[in-house]
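**Q** Below you'll find the structure I mean.
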Number of protein chains: 2
Amino acid sequence: MCKQCNYETLLSAARLDATDNRLRVLEVIGNNSYPLSAADIFKTLDRTYRINRVTVYRILDLLVEHELVDRISTGGRAFYYGMAPNAHHHPHPHFYCKRCGQMDCLTPDSLNVDSEALWKTFPGRIDKVEVRVDGICKNCMK
Amino acid sequence: MCKQCNYETLLSAARLDATDNRLRVLEVIGNNSYPLSAADIFKTLDRTYRINRVTVYRILDLLVEHELVDRISTGGRAFYYGMAPNAHHHPHPHFYCKRCGQMDCLTPDSLNVDSEALWKTFPGRIDKVEVRVDGICKNCMK
DNA sequence: GGCTTCAATGCAATAAATTTGCATCAAAGT
DNA sequence: ACTTTGATGCAAATTTATTGCATTGAAGCC
Ligand SMILES: [Mn+2]
Ligand SMILES: [Mn+2]
Ligand SMILES: [Zn+2]
Ligand SMILES: [Zn+2]
């Protein structure tokens with residue numbers, strides 16, 4: 001969730017035209033409190049405004065490429081999408097329930113990751129560190 | 001790489017028949033110093049012993065289910081497979097090069113992750129914590 | 001030995017998620 | 001008006017993995 005973010009501003013800061021579709025994709029992702037799959041995003045949008053599935057994929061690629069959106073791997077086959085780290089939104093681990101596929105955001109410090117040393121010594125370029133906790137959510141445990 | 005592991009022992013400890021195919025899949029994974037995709041494993045095996053792709057997938061599922069092998073997500077679409085943590089093989093982060101798809105094992109302490117607190121307080125079941133560093137490997141940087 | 005059972009494997013078809021190629025359309029530039 | 005360009009749509013293809021069903025070969029049993 002990124003209530004403090006202005007999506008038009010984010011797009012223009014990345015020098016991307018703020019088309020209706022792009023704004024809507026960004027809103028669906030930003031207003032949600034947990035990451036969504038491309039299919040989720042498509043279904044959500046398509047209920048209200050007719051949009052093509054491929055357009056959603058293309059917009060997601062674009063937003064990921066410009067680092068407005070984070071592509072998050074799951075223990076399953078589809079990627080999930082959440083807001084990329086920015087001033088209001090710090091990197092944090094996620095929990096993935098392999099039973100129901102729900103992904104939750106964990107607090108940035110729920111799990112303490114110190115990657116400073118690696119960033120300094122790693123012989124290559126590091127773009128991001130993804131931390132994912134896999135298991136069964138409390139809902140699915142019952 | 002798991003030179004200290006006896007694959008037959010591992011299989012029988014999991015009460016799985018040590019068929020030739022299972023042993024070979026486990027050897028390919030265990031003798032490799034970095035995780036491989038199902039396609040890599042299939043190609044490696046199929047060069048020497050004819051085997052069906054589906055058999056490889058099924059054996060991988062089985063080995064993952066019995067926790068002999070770890071299914072590792074990448075920044076790409078395919079899963080990679082490495083030896084699951086065991087007495088000789090501690091959990092560790094991986095580096096994934098999004099250019100060439102090569103995955104490397106990082107040392108268990110190259111990146112310090114403290115998940116104790118989470119394990120105690122999390123309202124659900126935690127099966128594993130996966131840490132993946134994404135970027136461009138030094139080879140692809142040149 | 002002959003018969004049954006069962007797990008392991010193969011092969012073909014299918015599925016799920018994503019990507020590509022090509023057509024269309026509308027806004028912006030000249 | 002004419003041209004260019006980027007955004008979108010639609011169909012087809014690709015990649016990765018899964019399912020259904022047939023075959024086979026090694027126990028287990030009489
Ligand atoms: Mn998140
Ligand atoms: Mn490894
Ligand atoms: Zn769940
Ligand atoms: Zn590389």
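**Q** Quick check on the range B:125-142. Is at least one of its residues modelled with pLDDT of 95 or more, open to solvent by 70 Å² or more (accessible area, probe 1.4 Å), part of a strand (DSSP E or B) and in contact with a Gly (Cβ under 8 Å, 6 or more places away or on another chain)?
**A** Within the range B:125-142, one or more residues are modelled with pLDDT of 95 or more, open to solvent by 70 Å² or more (accessible area, probe 1.4 Å), part of a strand (DSSP E or B) and in contact with a Gly (Cβ under 8 Å, 6 or more places away or on another chain).
**Q** Please go through the range A:1-40 and pick out each residue that is over 18 Å from A:His66 (Cβ atoms) and within 13 Å of the chain's Cα centre (by Cα). Give the steps one after another, and end with the answer.
**A** Taking the range A:1-40 as the starting set, the residues that turn out to be over 18 Å from A:His66 (Cβ atoms) are A:1, A:3-4, A:31-34, A:36-37, A:39-40.
Answer for the range A:1-40, where residues must be over 18 Å from A:His66 (Cβ atoms) and within 13 Å of the chain's Cα centre (by Cα): A:Met1, A:Asn31, A:Asn32, A:Ser33, A:Tyr34, A:Leu36, A:Ser37, A:Asp40.
**Q** So, one more: Residues in the range A:93-110 that are surrounded by 14 or more Cβ atoms within 10 Å (Cβ to Cβ) and either within 9 Å of chain B (Cβ to nearest Cβ) or under 16 Å from B:Trp119 (Cα atoms) (or both): how many?
**A** 11
**Q** Output the number of the condition that A:Ala13 fails; it satisfies all remaining conditions of (1) of a type outside the set (Ser, Thr, Tyr); (2) closer than 22 Å to A:Phe95 by Cα; (3) away from ligand 3 (no atom under 16 Å from the Cβ).
**A** (2)
**Q** While we're looking at this one, here's another question. Name the pairs whose Cβ atoms lie under 6 Å apart, with the first residue in the range A:111-138 and more than 7 Å from chain B (Cβ to nearest Cβ), the second open to solvent by less than 20 Å² (accessible area, probe 1.4 Å) and assigned to a strand (DSSP E or B), and 6 or more positions between them or separate chains?
**A** From residues that are more than 7 Å from chain B (Cβ to nearest Cβ), the pairs are A:Trp119/A:Ile126.
**Q** Filter the range B:111-124 down to residues that are open to solvent by less than 40 Å² (accessible area, probe 1.4 Å) and closer than 28 Å to A:Met141 by Cβ and give me whichever is nearest to ligand 4 (Cβ to nearest atom). Break it down stepwise before answering.
**A** First, pick out the residues of the range B:111-124 that are open to solvent by less than 40 Å² (accessible area, probe 1.4 Å): B:111, B:115, B:118, B:122, B:124.
Retained after the next criterion (residues that are closer than 28 Å to A:Met141 by Cβ): B:115, B:118, B:122, B:124.
On the way: B:Ser115: 28, B:Leu118: 32, B:Phe122: 34, B:Gly124: 36 Å.
Across the range B:111-124, the extreme among qualifying residues is B:Ser115.
**Q** Among residues belonging to the range A:85-124 that are in a strand (DSSP E or B) and at pLDDT 95 or above, point out the one that is farthest from the chain's Cα centre (by Cα). Spell out the reasoning first.
**A** The initial filter retains those residues of the range A:85-124 that are in a strand (DSSP E or B), namely A:86, A:89, A:94-97, A:103-105, A:112-114, A:124.
From the residues that got through so far, the ones that are at pLDDT 95 or above too are A:94-97, A:103-105, A:124.
On the way: A:His94: 10, A:Phe95: 13, A:Tyr96: 13, A:Cys97: 16, A:Met103: 10, A:Asp104: 11, A:Cys105: 10, A:Gly124: 24 Å.
Here the residue is A:Gly124.
**Q** Could you list all residues from the range A:36-59 that are outside any strand (DSSP E or B) and within 14 Å of chain B (Cβ to nearest Cβ)?
**A** Here is the first cut: in the range A:36-59, the residues outside any strand (DSSP E or B) are A:38-59.
Once the filter is applied, which keeps residues that are outside any strand (DSSP E or B) and within 14 Å of chain B (Cβ to nearest Cβ), the range A:36-59 yields A:Ala38, A:Tyr57.
**Q** Give the range B:118-142 a look and list any residue that's within 15 Å of A:Val131 (Cα to Cα) and away from ligand 3 (no atom under 16 Å from the Cβ), or say none.
**A** Start the filter on the range B:118-142 by keeping residues that are within 15 Å of A:Val131 (Cα to Cα), which leaves B:118-119, B:126-135.
Across the range B:118-142, the qualifying residues are B:Leu118, B:Trp119, B:Val129, B:Glu130, B:Val131, B:Arg132, B:Val133, B:Asp134, B:Gly135.
**Q** I've got another one for you. Assuming B:His88 fulfils every condition listed in (1) touching a residue at least 60 places away in the same chain (Cβ under 8 Å); (2) at the interface with another protein chain (Cβ under 9 Å from one of its Cβ atoms); (3) not aliphatic (A, V, I, L, M) apart from one, which condition is it?
**A** (2)
**Q** Does B:Asp46 meet the test of being loosely packed, with under 15 Cβ neighbours inside 10 Å and over 20 Å from A:Lys98 (Cα atoms)?
**A** Working: loosely packed, with under 15 Cβ neighbours inside 10 Å: yes; over 20 Å from A:Lys98 (Cα atoms): yes.
Here the answer is yes, as B:Asp46 does meet what is asked.
**Q** From B:Tyr81, B:Tyr49, B:Tyr96, grab the single residue that is more than 10 Å from DNA strand D (Cβ to nearest atom) and under 30 Å from A:Arg71 (Cα atoms).
**A** Sole residue among the options that is more than 10 Å from DNA strand D (Cβ to nearest atom) and under 30 Å from A:Arg71 (Cα atoms): B:Tyr96.
**Q** Looking at (1) within 24 Å of B:Val133 (Cβ to Cβ); (2) touching a Lys or Arg at 6+ places or on another chain (Cβ under 6 Å), which is the one condition that is false for A:Asp61?
**A** (2)
The values are calculated or read from the model by the stated rules, or taken from the named source; none is laboratory data. In this text, all values refer to a predicted model and were calculated from it rather than measured experimentally. Neighbour counts run over all protein chains shown; Cβ positions are idealised from the backbone, glycine included. Areas reflect the complete protein model, heavy atoms only, side chains present, ligands, DNA and RNA absent. Shrake-Rupley method; radii C 1.70, N 1.55, O 1.52, S 1.80 Å.
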